Amino acid sequence: MKKHSSLLPGLLLVALILAMCLISFFWLPMDPNKMDTANRFALPTFSHWLGTDQFGRDVLSRVMIASRSALLVGLGSVSVGTAAGLLLGSLAAMAGPRLQALIMRIIDGFMAFPGILLAMMLVAVLGKGLINSVIAIGIFMIPSFSRLVYSMILENKTRLYVKAARSYGCRSGQIVISHIFPDMLPRLITQFSSAVGGAILTESSLSFLGLGIQPPSASWGLMLSEARQFVLSYPFLAVAPGAVLLVAALGFNLVGDGLNDRLVKRGSR
Amino acid sequence: MFRLISKRLFSALAVMFVVSLITFMVLKWIPGDPAQLILGTEATPESLEALRTSMGLNLPWTAQYARWLGNLLQGDWGTSYLFGENVRTLILQRLPVTFSLTLFSMILAVCFSAGLGIVSALFQGSWIDRLSRSLMQLGAAIPAFWLGMIFMILFAAQLHWFPVTGYTPPAEGISAYLHSLALPSIILAIGESGVLIRLFRSSMLSALNQDFMQSAQIKGLPRTTAILKYALRSAMIAPITVIGSQTAKLFGGTVIIETIFALPGIGRLLLTSVEQRDIQLLQGIVLFITLMVVLFNFITDMLVIAANPLIRMESGGNEV
């Protein structure tokens, strides 16, 4: 067997993004919103390491400050999805057959909305902006987490240790929390990490479409959408935000994969 | 087998019902008065009231839902207030673009991933296996809109192999039509390949480990013949389900690529309806896309049943 090859590079990439976010709170090369019309579309120089955009704003500063919203939406929405998924999934798995069927049918219904369709529909209702993106993407994450929790609990429900717990009078809620939950944790963490990568991509997609974070705030997707207008004359503008986005998504996916190899596959054998 | 099919059909219909309910309820929460939106701020209270009554907005939501569903089933998808046109017409006008895009990218993705996945299963641990693993990771993480821009600069603006943006209908020449969809299809295909390569690889690996491969070897068949005759066929079945559901998901996920390449498809229409909060249009598109998803998944289920002799034989009476 190969060693866990994807965990370390994944952690490195994630650490890179986290470091960028942390540094942005203490130090930014320039004011990310300061316009300098004399210095538009500048290529990298000593004062602007990644050049400037169509308003002469410093690209590096904007890329750095955008990491905050990416991580906020990524971690926030997946936390929402995990929490609600845990609740719904365990409710469905431990409930009677009627309620179980009802909850799972509703989740099936939500699963039928492909890709970012559900998120877009929710944005139409909630409106654009950072917090609404967190909510919309969070709801978008609920079905897959509910399914995961549901199937994991069903898997464990017939195991001997659950029967034992029940025989000495443990109640359903307590069984899930103190007995089944520790067993679910590895797979939940794995799914969490991969989902953060997906959520960051979804956030940038929404921002790219003009439905997420609004200007003049910075978001990688928004920066790419602005860069798109000038892509044929100033292609360099699209390089940095796209590369950082790729690093973030790849990092969380790799960590998810690495954790999967390390925690889940090994645990089940 | 009949029981299985009718069970699948029933669950497809149940999902469709839930989807229609979700769509209706969610979009009911959109703030603002649809009548006001249509008539504008200068409308008189009387005309607003009249429109509300004629749209059924004063009825309880269950009645509104029943009315809406009834209209849908009769083919009345409502009118877009933005375009002033029938929603169904608007969707059908844009269907060919999105449909072609989905079809071409899935064909590309399946051919590419089947090839790479099977080869990396045959040469497990070799450089090609490692390469396909890296490609898989990259394909899943690379943002489609970024890749779109890179390809646009490279292959359209610099090399002039393809047009930069825009769509040419097939009526104006098949070659121009294929050219206009080539870049977007390739980009979508790259995004879909990650999962598929992994799937074909593991499916082929498990086929190679089956008993029938061993018995083929024992009876003296050359390995190549055994792979071509048995393993390949067996490895093709498992991915069908995922290919089906991916095709369906892709159908609803073309909005970004349509935006980048300025293709007049359903995704663009969806974006407009979200931006302008054109509720009837949005409802129509969302339902149409989810209907396609459910339909695709149903067809895929049927294909799997048809391809799997074990399930077919169950119709002999001894159902499990």
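Rule-based calculations on the coordinates, nothing more; no lab input. Just so it is clear, the model here is predicted, and its values are computed rather than measured. Every residue, glycine among them, receives a Cβ derived from its backbone with ideal geometry; neighbour counts consider all protein chains shown.
Summary table below
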read-out	value
Residues of segment B:139-169 classified as touching a residue at least 24 places away in the same chain (Cβ under 8 Å) and not in a loop (DSSP other than H, G, I, E, B), total	11
Qualifying residue in segment A:1-22 (condition: in contact with a helix residue (DSSP H, G or I) (Cβ under 7 Å, 6 or more places away or on another chain), part of a loop (DSSP other than H, G, I, E, B), touching a residue at least 12 places away in the same chain (Cβ under 8 Å) and on the phi < 0 side of the Ramachandran plot)	yes
Scan of segment B:111-131 for residues that are out of contact with any Phe, Trp or Tyr (no Cβ under 9 Å at 6 or more places or on another chain) and in a helix (DSSP H, G or I), ordered by number	B:Cys111, B:Phe112, B:Val119, B:Leu122, B:Trp127, B:Ile128, B:Arg130, B:Leu131
Among the residues listed as A:Ser233, A:Ser225, the single one being farther than 23 Å from A:Val14 by Cα, assigned to a helix (DSSP H, G or I), within 12 Å of chain B (Cβ to nearest Cβ) and of a type in the set (S, T, N, Q)	A:Ser225
Considering residues of segment A:245-262 that are closer than 24 Å to B:Ala144 by Cβ and surrounded by fewer than 21 Cβ atoms within 10 Å (Cβ to Cβ) only, the residue nearest to the other protein chains (Cβ to nearest Cβ)	A:Leu246
Output for segment B:130-144, where each listed residue is at the interface with chain A (Cβ under 10 Å from one of its Cβ atoms), in contact with a helix residue (DSSP H, G or I) (Cβ under 7 Å, 6 or more places away or on another chain) and under 14 Å from B:Arg201 (Cα atoms)	B:Met136
Close pairs (9 angstrom Cβ cut-off, 6 or more residues apart or separate chains): more than 24 Å from B:Val304 (Cβ to Cβ) in segment B:4-28, assigned to a helix (DSSP H, G or I) and small (Gly, Ala, Ser) anywhere	B:Ser20/A:Gly109; B:Leu21/A:Gly109; B:Ile22/A:Gly109; B:Val26/A:Ala124; B:Leu27/A:Ala124
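The rows are residues; the columns are (1) under 15 Å from the mean Cα position of the chain (by Cα); (2) surrounded by 19 or more Cβ atoms within 10 Å (Cβ to Cβ); (3) in contact (Cβ under 8 Å) with a residue 40 or more places away in the chain; (4) over 28 Å from B:Asn297 (Cβ atoms).
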residue: A:Phe46; (1), (2), (3), (4): no, no, no, yes
residue: A:Leu50; (1), (2), (3), (4): no, yes, yes, yes
residue: A:Leu75; (1), (2), (3), (4): yes, no, yes, yes
residue: A:Ala95; (1), (2), (3), (4): no, no, no, no
residue: A:Gln100; (1), (2), (3), (4): no, no, no, no
